[in-house]
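Okay, structure first, notes after.
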């Protein structure tokens, strides 16, 4: 008899439970709706939002009669700007008085950028200065680190000539002997080249270090030998280097190599077979007079081809037919001047191009015509 009562109790409990669940769900919906409606005035002010459903939002446009006084004021009395021209836009970009911006940035922004780049470039400059200081500590200002065989220059000095043509790749000296405007260019080039060899053109500090040398009187320690060009006969500036007489002078020089010493032909009986016969005869005559003349880097100039040898005529060398040994080695001495040989063409044939090859002679000067080693090519044409 208790079974029906138990079943009735179970049914009543389920009904009560269902009612409680429905009541709780309704309560949650009311709470959500209250929160949404509490925010609605802030969101809908001046925007036209209205909430017909607590969950779904729709956008509606307010009529002018529904706007508040503040919204009407902002709608009808707000400031309207006219469209700007290109110049006005550029002016506003440079300086905007409203935002107080210069070139699109405020003063604070520019200050931060300036500070950043100041620190960045300062750190970079300090790093470069440290690297340069470390590098300079490893260098000697008086002599190169790599010398002779260890250097790029090597041990074979090149032979050069002056005056140089204006075109770098050219070696032609061309002029008209009866036209001063034609040969004045070459005279001026030689004058500029020889300006440092003049006694009155030398600096006071360097002139005190210059000594008059001879084969028996080399330069003392710390001194350099002088190159006196004042007694070179026709090859003087006062004589226009004989260009106006169609007998031009050309000056030869050896390129400087730090620490290089020439290996002289110390006997007139051991001269190379390819040496010109007139040079061999000159060496024998000079050494018969004084053996000290063997200490010379000899020089020979002759036509490259048989026709050139006929057209070149006799040649005079001043002050010697070579570079005296007391000018070597070059060690970056103060006031040092490279020795010169003035080559005077005494009777060159005019109206033809003369190809001349000048060569320096020493045991340690390698010769290669194609590589221009130990030799120099000159072309002269006099009209």
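Cut-off is 10 Å between beta-carbons; in what order do 128, 352, 299 appear when sorted fewest neighbours first?
Numbers: 128 10, 352 14, 299 20.
The order, fewest Cβ neighbours first, is 128, 352, 299.
Multiply the residue gap between residue 307 and residue 228 by 0.36 nm, knock off their C-alpha separation, and tell me the result in nm, one decimal place.
24.9 nm
What order do you get for 282-288, 254-260 when each peptide is scored by the mean count of other beta carbon atoms within 10 Å, highest first? Please list the in-between numbers first.
Values: 282-288: 15.9, 254-260: 17.9.
The most tightly packed comes first, giving 254-260, 282-288.
Remind me, what semi-axes does segment 209-271 give for its equivalent ellipsoid, largest first in whole Å, using sqrt of 5 times each Cα gyration tensor eigenvalue?
With the √(5λ) rule applied to segment 209-271, the semi-axes are 28, 19, 13 Å.
When 317, 183, 289 are ordered from fewest to most other Cβ atoms inside 10 Å of their Cβ, what list results?
Exposure proxy ranking, most exposed first: 289, 317, 183.
Could you give me D for segment 231-379, from Stokes-Einstein at 37 °C and 0.692 mPa s, where the hydrodynamic radius is the Kirkwood radius over C-alpha pairs? Units µm² s⁻¹, please.
Taking Rh from Cα pairs, D becomes 200 µm²/s.
Where does each of 291, 150 land when they are ranked from fewest to most other beta-carbon atoms within 10 angstrom?
150, 291
Readers should treat all values here as calculations from the given coordinates under stated rules, not as data from a laboratory. Source: prediction; values computed, not measured. Cβ: placed from backbone, ideal geometry, glycine included. Neighbour counts: every protein chain shown.
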